[in-house]
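Heads up, the thing below is written out as C-alpha cells.
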Amino acid sequence: MRDDDAELARRASRGDRAALEQLLDRHADLIHALCRRIIPHRDDALDATQEAMIAVVRGIRRFDGRSAFTTWLYRVTTNAALDELRRKNRRPVPADLPDRPAIGSPLDAQVEARVDIDAALAAIPEDFRVAVVLRDLCDLDYAEIATVLDLPAGTVRSRISRGRAALAELLGNPDPTEERHTTDHA
Amino acid sequence: MPDDDTTPQPPDVRDERVAALLTVEPLDDVTRRRLVSTAIRSTGTARRARRLIVAAAVVVVLVVGAGVVVAVGGGGGSTTPSAARDKHAGALPEAGPTALSISADVRDVGDFGDLDVVANVDRLRRAFDSVQGLSKASASATPADNNGLAGDAARSDALVTRLRALGCSPSALPTGTVVGLASAMLGGHPVIIVDLQSSGDTHSFHAIETDTCTVHRLS
C-alpha cells in the first residue's frame, strides 16, 4: 500500500490529476475518521475533511517523498482538523451531539457507546485527544506521532497516557493503562 | 502542567478497547465523491484564477506587441545582427516536425519573480511594452543604430540555452516559433514564458515548468 502511495504521490506531485484523485479517494475514510475524532461535531468534521483534502491538493507539489505519504497526510489532516476546530470553537461542543438513548431504547449498546465516546472525546484536552486518536485510531507508533505533531516522543507518550486515563474515567471504565502497566512491569 | 512528568508511561501498543470506540463508519460513496471532486476542483479554480491574471496582463500587451513582432520579423531581416540570428534560429533538440522552434529575433524580456504577485504581472506587462518600443525603434533604425540589438540577443542567449536544455519531449511542447521569452515562478515552479507565433501570425503564450516540462497555456 505504501509503495503504491509513494508512486501515486510522486505522480500527483508532478501534476498527475488522476493520481491525486486516486490518492484522495483511497484515503478519504482515513482523513474523515481522523477529523471526526479530533472534532466532536459531525458537520464540522466533514468541513475539516474537505479542508484537509484541499490542503493535500494544494500541498502535494511540496511533498518530497522523504517521509511516507501517510505520515505527511496525517500531518496535513491533523493541522486542518485543528484549524477547523479553532475556527469553530465558539460552538458549545457537546450540546448538539445526539441525545443519549433512553434506558430501554431500541438503540443498541454500540450506538450508546458512540455517543459516549463523542462526549468523552469532547471533554478531554485537545492535545490529549489528538495523541490518543493518532495512536489508537490511526495505529501510529509513538515515533510517527512525534513526527506528525513535531513533538518529542516523551511528550507523545505522556499525552497518550493521560488521554487514555481521562477517557477511561469519563466512560466509567477503569483506566486500561493501569492494568497493562502492572503486567508490563511484572 | 508539563507533558513530560511522572505519569505512568503506556507501552507503545494500540489500546484495542479505545480503538474500537474510536472507529468511524466509512463515508458513503456520494459524500466521498463530493469531497474528492470539490478538493480537486478547488485547485483548478485557484490555478485558473492565477492563469487568468497572468493571461489577462500578457494578452493585453501582446495583442499590440504581436503586430510589432510580426512587422520586425517580416521586414526586419536586415535589422537583426546575423550572428545573433545564427545562434538562435532553429528547432529545439529532438525536435520533430511539430516541435517548438526559436526565432532568430527572439527577445528575453527578463525575469518577473512570482507571477502570483500582481506587481510582478505588472512588471511583465511593462517589459513587453518596452519590447514593443524597442521593436518599433528597430524597425526604423539604421544599421549602425542596430548595434544595440546585439546586446538584446546576447541577453536572450542564457534563456534560450535554458529552454534548449530542458530536454522536454517535443510532444509535451506546444507548436510554433518562439519569438519572445521571459522567466518567472508560477505556482511555486520556475517557468519560462514563451510567446509562440504559429501559422497565420497568431500568437499564444505558454509557461513551461523548467523542472517538470509541464506546459500551462496562458492565453
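Each reported figure results from applying straightforward, stated rules to the coordinates on display, with no laboratory input. Predicted, not measured: the structure shown is a model, and the values here were computed from it. Don't worry about glycine lacking a Cβ; one is built from the backbone with ideal geometry, like all the others, and counts go over all protein chains shown.
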Report, as an integer, the average count of C-beta atoms from other chains found within 10 Å of each Cβ along A:42-51.
-> 2
What list do you get for A:ILE60, A:ILE124 if you sort them by fewest beta carbons within 10 Å?
-> A:ILE124, A:ILE60
Using packing as a proxy for protection, rank A:157-163, A:137-143 so that the peptide with the highest average count of other Cβ atoms within 10 Å comes first.
-> A:157-163, A:137-143
Give me a single rounded figure for A:25-32: the average over its residues of other chain Cβ atoms within 10 Å of their Cβ.
-> 4
Spin-label pair A:THR71/B:GLU25, simplified geometry with 7 Å Cα→Cβ offset, distance in nm = 3.5 nm
Averaged over A:132-139, number of beta-carbon atoms from partner chains that fall within 10 Å = 5
